[in-house]
1. Using a Förster distance of 30 angstrom, determine the FRET efficiency expected from the C-beta separation of N106 and C31, and round it to 0.05.
2. Evaluate E = 1/(1 + (r/R0)^6) for L90 and Y18, where r is the Cβ-Cβ distance and R0 equals 35 Å; express this FRET efficiency to the nearest 0.05.
3. Rounded to the nearest whole Å², what accessible area per residue is found for the range 45-125 with the 1.4 Å probe?
4. Match the structure shown to one of the listed values [x] 55, 39, 28; [y] 49, 34, 27; [z] 52, 23, 18 of Cα extents along the principal axes in Å, computed from it, and give that label.
5. For the chain, with all protein chains present and a 1.4 Å probe, just round the carbon and sulfur fraction of the accessible area to a whole percent.
6. Using a Cα-Cα cut-off of under 30 Å, which lysines could be cross-linked to K40, ignoring same-chain neighbours fewer than 8 residues away?
7. For K101, go through the aspartates and glutamates and keep the ones whose alpha-carbon is under 20 Å away, minus same-chain ones fewer than eight residues off.
8. What is the set of long-range amide H partners of E29 at a cut-off below 5 Å, with H atoms built 1.01 Å from backbone N?
Amino acid sequence: MKFDEIAALESRWQLNTYEKMPIAVERGEGCWIYDSNGKKYLDLYGGHAVALTGHCHPRVVEAIRDQAGKLIFYSNSVHSEIRAKACRDLAAFAPKGHDWKVYLCNSGTEANETAIKIARKLTGR
């Protein structure tokens, strides 16, 4: 689809919540994104739902496919082996000497608020 067609279709059917840049991203590879005209851009976007692992890394794609074949999502109101292992692996990155636990956040705001609370607790300030 051409950019103008994509922009018109989105404009017609999507509630406009953000001002959009004049490109239609079609695919990504590593730290690069490509628009509907094939133009390559270095992906420096730092907003919501950022792909910290890069775009379409083969190991990430394989892990997503594998997990999607089992279960896409379920609330943390039940136990989950994959979530338990992910929390364990994340906690391994924390500084040693504390009994860390992982808090899975729903938003950047929640993550920032939690980081501030942790910093206050650990520094006493």
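The values are calculated or read from the model by the stated rules, or taken from the named source; none is laboratory data. Since the model is a prediction, treat every value here as computed from it, not as a measurement. Every residue, glycine as well, gets a Cβ built from its backbone with ideal geometry; the counts of neighbours run over all protein chains shown. Ligands, DNA and RNA are excluded from the accessible area calculation, which covers all protein heavy atoms including side chains. Shrake-Rupley method; radii C 1.70, N 1.55, O 1.52, S 1.80 Å.
1. Plugging the Cβ-Cβ distance into 1/(1 + (r/R0)^6) gives 0.70.
2. About 0.75, to the nearest 0.05.
3. Numbers: 7320 Å² over 81 residues.
About 90 Å² of surface per residue is accessible.
4. [x]
5. Details: 6510 of 11210 Å².
Carbon and sulfur together cover 58 percent of it.
6. K2, K20
7. Reachable aspartates and glutamates: E81, D89, E110, E113.
8. Correct list: H55.
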